[in-house]
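Quick note: the coordinates plus some simple rules give every number you see, no bench work behind them. None of these values were measured; they are calculated from a predicted model. In this analysis, Cβ positions are derived from the backbone assuming ideal geometry, glycine residues included, and neighbour counts consider all displayed protein chains.
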Amino acid sequence: MLALLAVVLPLLALLIYVALRSGPFASIPVTVTTAESRSIAPSLFGIGTVEARYTYRIGPTVAGRIKRVEVQVGDRVEAGQLLGEMDPVDLDDRIASQDAAVKRAESVVLAAGAQVREASARKSYAENQASRYEQLLHARSVSEEAVEGKRQERQVTEAGFAAARANLDAARQELARVRSDREGLIQQRANLRLIAPVRGLVAARNADPGTTVVAGQSVVEVIDPASLWINVRFDQLRVSGLRAGLPVQIVLRSQEGIRFAGRVLRLEPIADAVTEETMAKVTFDALPERLPPVGELAEVTVAMSALPATPVVPNASVQRVDGRLGVWLIVEDKLRFAPINLGATDLDGRVQILDGLKADERVVVYSQRALGPRSRVKVVERLEGVSP
Amino acid sequence: MAGKGIRIEGLRKRYGKGDTALDALKGVDMQVAPGEVVGLIGPSGSGKSTLLKCLGAVIEPTAGRMTLGEEVIYDNGWKMPDLRALRRDRIGFVFQAPYLIPFLDVTDNVALLPMLAGRANAESRKRALSLLEALDVAHRAKAMPSQLSGGEQQRVSIARALVNRPPVILADEPTAPLDSERALAVIRILNQMALQYETAIIVVTHDEKIIPTFKRIYHIRDGKTQEEAGEGRAFE
Amino acid sequence: MISLAGRDILHSWGKFVFTGVGLGLLIGVTLTMAGVYRGMVDDAKVLLDNSGADLWVVQQDTLGPYAEPSSLYDDVYRTILGMPGVDRAANVTYLTMQVRQGERDVRAMVVGVVPGGPGEPGQPGYLIAGRQITRGHYEAVADIATGFKLGERIQIRRNHYAVVGLTRRMVSSGGDPMVFIPLKDAQEAQFLKDNDAIAQQRRRTASNPAFNRPGTPGLLDAVLASQSVNPYINAVLVQVKPGFIPEEVAEPIRRWKRLQVYTRAQMEEILIGKLISTAAKQIGMFLVILAIVSAAIVAFIIYTLTLGKIREIAVLKLIGTRNRTIAWMIMQQALGLGLIGFVVGKISATFWAPIFPKYVLLEPGDALLGFAGVQVICALASVLAIRAALKVDPAEAIGG
């Protein structure tokens, strides 16, 4: 008989336990917390890439072939340093030919000058002759014809002089022209030299000697490593309060344990409409010892100023019931839903309650099942299955 | 109610019909007075078990007359509509094996019959206990049948047969598995009980050990009985 | 009158209870099977409940986003926000994939949600630990069925996420646990493959002369950049302003925006009617067979138990027990067996149901139905045994 009871009673007990624990009579375990009034400091979180403030992409202005590249990636260069040179092809020869043309033009100018002197001498003589003959005409020593003839000579030599003068001008212009052409060719030649515009670090070497490149293609990229900043994207939903000057913490992907201090430099006036992100530039307060490579991802957290104290609850407490946001309150061991208005949140999940809740009210945080207005609840320390 | 014992006249039993009919009993006469213990002896196939079944109101005879106590229970047709009640109240059975209900204790095995008859549990158990005392097994009242020896079980089954004070008890080979000492003990008890409770007892047997104890014996052969005086030897 | 059935049970209670336990395990299996079916349906319902949405906006002519793939541009939600009656609209992506943690892989449905704040459609409704996602990248809320714990780092495709919150019962219709990550990360995960594949793709694009023209220096970079951007999402979840009927809000969107919109009722029909219907039928058939087999076994057990008592029954009949009493004894034992079996079955089903990889929902209604069914089957089975018992000839007790 005893043995029978030993079997039947536990069975009955188990049945009752099962009915109470898992059936409709079961109460739902929940954890609660007390809403406390405190001030939270919201932070913004964004992902950015490390970029150099200025990147100089140096390349030719005309298509051509690269003759030499003097630097490697990682070299430090000074302003004005020669980085490389394009193949001049026939440009040197053209310059030489233009030199010869200049010399020739100079000679032509000399010759034209001599011609002008010659024409000038003739003109002077002809003028003197003409005036003498005109005096003689008054004395009736010579014929009209002879005077006419001298007059005509005078005209001829005047014309000749003018022509010689014009010729000299032309020769001079021609000299100027070929000189300018030569200057131009020299400039072009200079252009084939790739010069570093500033002091910096060679970040990329995009083409090797012998490669043909088009105008505008960059051969060498130079950055100023001291000018590294981070281009950060923030989700537009929460950027209110973001402004230049706010302190930030930067975590580089390659150096995950270390937080670097920094500052928001500026907000970009143009946001990304497609991805709905606002962009900002963030600088390091002190550059990391090991410079991060350009393009490395960085996580940026902007600390905004603390807001005035309000009742604050964990964001896990906020639930949506029948289309309204609110929290479940424990009032005298019974469940009640209180609609609320939310304020700002911080990155640890604390949410400001602007309206609908007072401090010191007990708020449900976690529940084993979805709660409804008629649910029976049981307050526990910790839900089962969740390790501390 | 012990009355005038049992009396049978011209009992016939036919199995089947027509050409294949078999007459197991062809006119049996028997009479046993209250307090008497008679033997019923016959070879197998003689109609012995058929007769027992008719006596036990288990099967219906074809013709004849049966009187139990004061009442005629069969006269070419059952006179009692409820055979089962008849068996329960007016006929006691003792079998070859005790056939106790294994899941009832000794007292309840015996008390079951009065309970089936409608008596209250307490009273039924009191009756059962008095019979168990009479049979000297009262000390085993709370035990389960499996805990009793063969002899004790047999005595309990006899108590069960007696508990409703039936006018007749049918005992079918009650001593077959027993040795002579125990067999004689059983017969002794039966004789005691028959006198004490004024019951007629018919013992079907072929056990040589106990046949000499009967004062009267019925031989049955080919469906007919013949009365014979027995030795009536006193028990050793 | 004493209870013959009770006495018999008490006397051989060990055998009885043992038989009851065996029967109970069989019943437990049947109850569990019913629970598996209900669990499947509940998975579908829970998926719809957990999305926090009243309307699902998906690609036109698809049954998405759960039953069929659906693709929308991620700026579609802006136009939907402007429709009358729309309270909130949020993009969401779904992708079932392997999520790695340490050495192991877990199959999960990765849900990309807009980290807008609590109550946003798509976000999990309630947590059991931790907090909701606050950062726009690299945080995750995982369902406890994944086995992840708070603070662990998990890997989805190429990025690592910190588990900041845990949920319960957030599963896909297939029963895979959900992991919630910010939408942009999910879009990237849905689209960007691992590093090797990306390098391959870049190589292939670079070797395509259409994209790699020497005369246009920026072209290749622009093409590669466009290839690593994913402007698609799977659905827009819409919450309707209180006071508006969802169907009324859905109809204008369907007509004017050329999108397909489903209300909660329609989604349920799709999920339960189409997505899980085959599996449900499968289980339903098995349940029927199991029930029939259980009934047969119960009948067999009771019949055998009765036959084992045939001699006692003959004796009882001979000494004058009513047929009715004997029948009632057998039926009582059958019903008692059924009761023990049901109790054992219900208890064992309750205890082993949580071990199943997918959700098993044991409804009290099913339990009651099961109880009634078991008792009916036991009663019917006992009828067979009773017939056999009543046919016994009391004369059997009297030897030949």
Self-check item: Using θ = phi - 60° and Karplus 6.51 cos²θ - 1.76 cosθ + 1.60, couplings along region A:97-110 (whole Hz; Gly, Pro as x)
Solution: 5, 5, 4, 4, 4, 5, 4, 4, 4, 4, 4, 4, 5, 4
Quiz item: What average number of partner chain Cβ atoms lie no more than 10 Å from the Cβ of the residues making up C:3-15?
Solution: 3
Exercise. Could you calculate the contour length gain from A:SER107 to A:LEU237, that is, 0.36 nm times the residue separation minus the distance between their Cα atoms, to one decimal place in nm?
Key: 39.0 nm
Quiz item: Sequence-distant or interchain residues sharing an amide H contact under 5 Å with C:THR167, placed H: which?
Solution: C:ILE128, C:ALA142, C:ASP143, C:ILE144
Exercise. DSSP loop (so not H, G, I, E, B), at most 12 other Cβ within 10 Å: list which GluC sites (Glu not before Pro) in region A:262-357 pass both filters.
Key: A:GLU289, A:GLU332
Quiz prompt | Relative contact order of chain B, defined on C-alpha pairs under 8 angstrom at six or more residues apart (%) | solution = 29 percent
Quiz item: Taking every residue in A:313-323, how many Cβ atoms of other protein chains lie within 10 Å of its Cβ, on average?
Solution: 6
Self-check item: Anchor A:LYS123: lysines whose Cα lies under 22 Å away (excluding residues fewer than 8 positions away in-chain)
Solution: A:LYS150
Quiz item: With the contact rule set at Cα under 8 Å and sequence spacing of 6 or more, what percent relative contact order holds for region C:214-370?
Solution: 8 percent
Quiz prompt | Whole-angstrom gap from region A:244-283 to region B:199-236, using each part's C-alpha centre | solution = 121 Å
Quiz prompt | Reach of A:LYS378 by Cα under 18 Å, taken over aspartates and glutamates that are not fewer than 8 positions away in the same chain | solution = A:GLU332, A:ASP333, A:GLU361
Quiz item: Along region A:279-290, what does the Karplus equation 6.51 cos²θ - 1.76 cosθ + 1.60 (θ = phi - 60°) give for ³J(HN,Hα), rounded to whole Hz, x for Gly and Pro?
Solution: 10, 9, 10, 10, 10, 6, 5, 9, 5, x, 4, 8
Practice problem: Evaluate peptide A:346-354: per residue, the Cβ atoms of other protein chains within 10 Å of its Cβ; return the mean as an integer. | Solution: 3
Quiz prompt | Relative contact order, percent, region C:76-220 [alpha-carbon distance under 8 Å, six or more residues apart] | solution = 22 percent
Practice problem: Sticking with the crude label model, points 7 Å out along Cα→Cβ, report the distance from C:THR278 to C:LEU150 in nm, one decimal please. | Solution: 4.2 nm
Quiz item: What is the sum of charges around B:GLY69, taking Lys and Arg as +1, Asp and Glu as -1, for the other residues whose C-beta is under 9 Å from the C-beta of B:GLY69?
Solution: 0
Quiz item: In Å, what Rg and Dmax follow from the Cα atoms of the protein assembly as shown?
Solution: 57.5, 229
Exercise. Based on other C-beta atoms within 10 Å, arrange B:ASP108, A:ASP92 from fewest to most.
Key: A:ASP92, B:ASP108
Quiz item: What residues have an amide H closer than 5 Å to that of A:ALA344, excluding those fewer than 5 places away on the same chain, when H is modeled at 1.01 Å from N in the peptide plane?
Solution: A:GLN352
Quiz item: Rounded to the nearest 5, what is the percent of antiparallel bridges among the DSSP beta bridges in region C:55-196?
Solution: 65 percent
Quiz item: How large is the convex hull of the Cα atoms of region B:1-71 per residue, expressed in Å³ as a whole number?
Solution: 87 Å³
Quiz item: Taking H as built 1.01 Å from N, whose amide H comes closer than 5 Å to the amide H of C:ASP87, not counting residues under 5 places away?
Solution: C:GLN239, C:VAL240, C:LYS241
Quiz prompt | For region A:368-381, 3J(HN,Hα) per residue [Karplus equation, 6.51 cos²θ - 1.76 cosθ + 1.60, θ = phi - 60°, Hz, x = Gly/Pro] | solution = 6, 9, 5, 9, x, x, 9, 6, 9, 10, 9, 7, 10, 5
Quiz item: In Å, the Kirkwood hydrodynamic radius of region C:112-169 over pairs of distinct alpha carbons?
Solution: 11.5 Å
Practice problem: Work from the charge dipole of region A:205-316 (Cβ charges, +1 for Lys and Arg, -1 for Asp and Glu, about the Cα centre) and give the residue of A:TRP229, A:MET304, A:GLN255 farthest towards its positive end. | Solution: A:MET304
